[in-house]
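The block underneath contains the structure these notes are about, expressed in structure tokens.
The values are calculated or read from the model by the stated rules, or taken from the named source; none is laboratory data. Since the structure is predicted, the reported quantities are computational estimates derived from the model, not experimental observations. No Cβ is skipped: glycine too gets one built from the backbone with ideal geometry, and neighbour counts run over all protein chains shown.
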Amino acid sequence: MFNIAIIPLITLCFSVIFLLILLFYYFYFFTQLKVSAEPKSESRPISVIVAARNEKKNLEQYLELLLNQEYPEYEVVVINDGSHDGTKAFLKELDEKYTKLKIVTLELDERFQKGKKFALTMGIKASKYEHLLFTDADCWPASKNWISKMSLSFQDKDIVLGVSPLEVQKNILGSLIKYETFHTALQYITYANRGFAYMGVGRNLAYTKTLFFKNKGFASHQHILSGDDDLFVQENTTPHNLSICLHQESFMYSKSPINFGSWLTQKKRHFSTNKAYKSKFIRLLGLYSFAQVGLYASIVTCFIIAPSIWFIPLGILLLKWIIQWAVMLNPTKALKAESIGWVLPYYDILYTFFLFFFAFIKPFTRKPKWS
């Protein structure tokens, strides 16, 4: 007959198992965020690609920051993808001022939703240089050396992953977005350093035109409106053709969603792409998230059903936080997220709620739209 008294013991065993899984990720992956010595200066022509639909306000605010980079030879290719907010007139006016600006105009076809990948493909075809650097219309570079630092990371590589932090509001939602953005960057960078490159961020990503056309661009996932960054990186990365740029002058910033609804819409769009990930990446990311949620769930369960031994699950949780803090302290500095390091338990709990919540809504995500 089953002895109900062993339930707390079983729960504690699960807590330990989940903790061991997380420690594996911490030590095997998260310790691999290494800032390499800056390579020797090597200037190569660069084409900056920006796809924009109805982004006049953002282009007015940020485009000239791209056009005034301190770099000897580059162009900025802006694809005006069927905008009807005055973008066309603004770009025409700016074109008279900057010789580096190249405009690609696409007319909106209501019968066919071609999406951002089509716009990017047209921009790539129109670009005149071999090395391509991508960002979005609502982004601004950390410095005038953004192109320079990203360019240096090419060397003999075909793909460069950059970092793109978010400017967040000072509230609970802002804290969650800040940590989730930092954590995602820590994951895709360190996983890539271990040979598991599963994504890049389209706000700060570079690759060669030869690589793009050699592998037929976005053809294999053209039917998915999103994924021009992560799915492309998954399909085209090899153990030897990837580089990562962690120089803080190369960071590309953008503003985070200002309310829960807009953030929820953004995350649903991201999750719709996750379904197309390679199975090995789904398992790798899924196991980590499962262990994170499972650890907290088992600890809370133990607190409820066996309050007399509260110090044991609390000790397990404290051990997790101490090790996690030791591993993540340097990455928070490297990724300019130092404030996270001082109140890590707070962010860790928020992140667990995030994983738990989106585990329920993920099956109901719809296909995203390029708007």
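Couple of notes before you dig in:
- Selection from region 46-72 of residues that are assigned to a helix (DSSP H, G or I), among the acidic types (Asp, Glu) and either farther than 18 Å from Asn145 by Cα or in contact with a Cys (Cβ under 9 Å, 6 or more places away or on another chain) (or both): Glu60
- Residues of region 55-64 that turn out to be touching a strand residue (DSSP E or B) at 6+ places or on another chain (Cβ under 9 Å) and either surrounded by fewer than 19 Cβ atoms within 10 Å (Cβ to Cβ) or among the small types (Gly, Ala, Ser) (or both), as a count: 1
- Region 212-249, subset on the phi > 0 side of the Ramachandran plot and buried (at least 19 other Cβ atoms within 10 Å of the Cβ), residue nearest to the chain's Cα centre (by Cα): Gly227
- Counting only strands (runs of 3 or more DSSP E) wholly contained in region 120-173, the ones carrying 1 or more residues that are closer than 21 Å to Gln234 by Cα occupy 131-136, 159-161.
- Of the residues making up region 189-204, those that are more than 10 Å from the chain's Cα centre (by Cα) and either of a type in the set (Ser, Thr, Tyr) or crowded, with 24+ Cβ neighbours inside 10 Å (or both) are Thr190, Tyr191, Ala197, Tyr198.
- Screening the candidates Ser243, Ser226 for the property of being touching a Ser or Thr at 6+ places or on another chain (Cβ under 9 Å), under 26 Å from Thr31 (Cβ atoms), touching a residue at least 24 places away in the same chain (Cβ under 8 Å) and not basic (Lys, Arg) yields one hit, Ser243.
- Positions within region 177-188 being buried (at least 19 other Cβ atoms within 10 Å of the Cβ) and without any contact (Cβ under 8 Å) to a residue 60 or more places away in the chain, in sequence order: Tyr188
- Scanning region 150-176 for residues that are among the β-branched types (Val, Ile, Thr) and more than 12 Å from the chain's Cα centre (by Cα), we see that the one that is surrounded by the most Cβ atoms within 10 Å (Cβ to Cβ) is Val160.
- Scanning region 333-371 for residues that are under 23 Å from Thr273 (Cα atoms) and at pLDDT 80 or above returns Tyr351, Thr352, Phe353, Phe354, Leu355, Phe356.
- Flag for Ser289 being within 25 Å of Phe358 (Cβ to Cβ), surrounded by fewer than 18 Cβ atoms within 10 Å (Cβ to Cβ) and not aliphatic (A, V, I, L, M): yes
- Some residue of region 104-125 being on the phi > 0 side of the Ramachandran plot and in contact (Cβ under 8 Å) with a residue 40 or more places away in the chain: yes
- Residue that is surrounded by the most Cβ atoms within 10 Å (Cβ to Cβ), among those in region 250-274 that are assigned to a strand (DSSP E or B) and touching a Lys or Arg at 6+ places or on another chain (Cβ under 7 Å): Met252
- Residue in region 115-133 that is assigned by TED's automatic domain parsing to the domain that holds Thr210, in contact with a helix residue (DSSP H, G or I) (Cβ under 7 Å, 6 or more places away or on another chain), within 28 Å of Pro257 (Cβ to Cβ) and surrounded by 21 or more Cβ atoms within 10 Å (Cβ to Cβ) present: yes
- Checked against (1) in a strand (DSSP E or B); (2) closer than 23 Å to Ala219 by Cβ; (3) not β-branched (Val, Ile, Thr), Glu75 meets all criteria but (2).
- Residue pairs meeting the criteria (Cβ under 9 Å; at least 6 apart or on separate chains; first over 17 Å from Phe24 (Cα atoms) and outside any helix (DSSP H, G or I), in region 298-326; second of a type in the set (A, V, I, L, M, F, W, C) and at pLDDT 90 or above): Ala306/Leu12; Ala306/Ile312; Trp310/Cys302; Trp310/Phe303
Residue-by-condition table, conditions (1) within 19 Å of Ser279 (Cα to Cα); (2) at pLDDT below 95:
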{"site": "Leu176", "(1), (2)": "no, yes"}
{"site": "Tyr191", "(1), (2)": "yes, no"}
{"site": "Pro239", "(1), (2)": "yes, yes"}
{"site": "Ser256", "(1), (2)": "no, yes"}
